[in-house]
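Structure, as C-alpha cells:
We did not get these values from a lab; they are worked out from the coordinates using the rules stated. What you see is a predicted model; the values in this text were computed from it and never measured. A quick note on method: Cβ atoms are made from the backbone with ideal geometry, for glycine too, and the neighbour counts reach across all protein chains shown.
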Amino acid sequence: MERSAFECPDISPYQAFLIASRYDAEALQAAMIEVKYCGEVSDAPQFVLEARARGAAQSVLLAEESRTRDTMRELNILVRRMAMMPGQRTLVVVSPGFLTFNSLNNVSEVTERALRSNVIINTLDARGLYTVLPVVMPARPRVKFPGATKMARRCST
C-alpha cells in the first residue's frame, strides 16, 4: 500500500513510530499542526486534532510494518533460493531503510539463514541515490518537529 504524495497529514514512518510507540510530544504536535493545515478541521478543538494525528500515525505505522514483514519474507525466500546456487552468492539490498522495531525476529531469521547458507547480504542506502527536483506544490507548509534530525541520526547509528 503506497502512500500518496498529497496524503494529509504527511507523516513519515519514523514520525508515526515516535507518536504511536514512543508517545513523543514533539512528533505529535507536528502531526497535529499538519492535520490543522489539511483544511478539513482547521478550527477543530485540540482533542480532535490529536485524535486525527494519532489515527494517521497508527495507519502509517501499520502500513510500514506490513511493508517490512513483506520485504523480510521476500528476502528470506530469495536467500533460500540463492543458497541452492553454486559459487559465491551476494545479495545487494537497495533500500531507504525500514523500521524493524516490531520485526526483529524476521530480520534475525533472514540474517541467520544467509549466514548458514554463505549468502552475503550487502546494503545500499537508496536515500543517497536520488535528488529532489523542484516541484510546484500547493501552498501548505511542511512541519518539521524540533530534534527530528538528531533523533534520526541517533537511530541510524
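Only the Cβ atoms of Lys and Arg (+1) and of Asp and Glu (-1) were treated as charged; on that basis the dipole of the range 1-84 about its Cα centre amounts to roughly 500 debye. Scanning residues 5 or more positions from Ile121 or on other chains, those with amide H under 5 Å from its amide H are Leu91, with H placed 1.01 Å from N in the peptide plane. Shown in residue order for the range 75-90 are the 3J(HN,Hα) couplings computed by the Karplus curve 6.51 cos²θ - 1.76 cosθ + 1.60 at θ = phi - 60°: 5, 4, 5, 5, 5, 4, 5, 5, 4, 7, 7, x, x, 6, 10, 10 Hz (x for Gly and Pro).
If you plug the beta carbon distance of Ser12 and Val48 into 1/(1 + (r/R0)^6) with R0 = 35 Å, you get a FRET efficiency near 0.95.
Candidates Thr71, Leu61, Ile33 compared by Cα position along the dipole of the range 14-112: farthest toward the positive end lies Thr71, with charges placed on Cβ.
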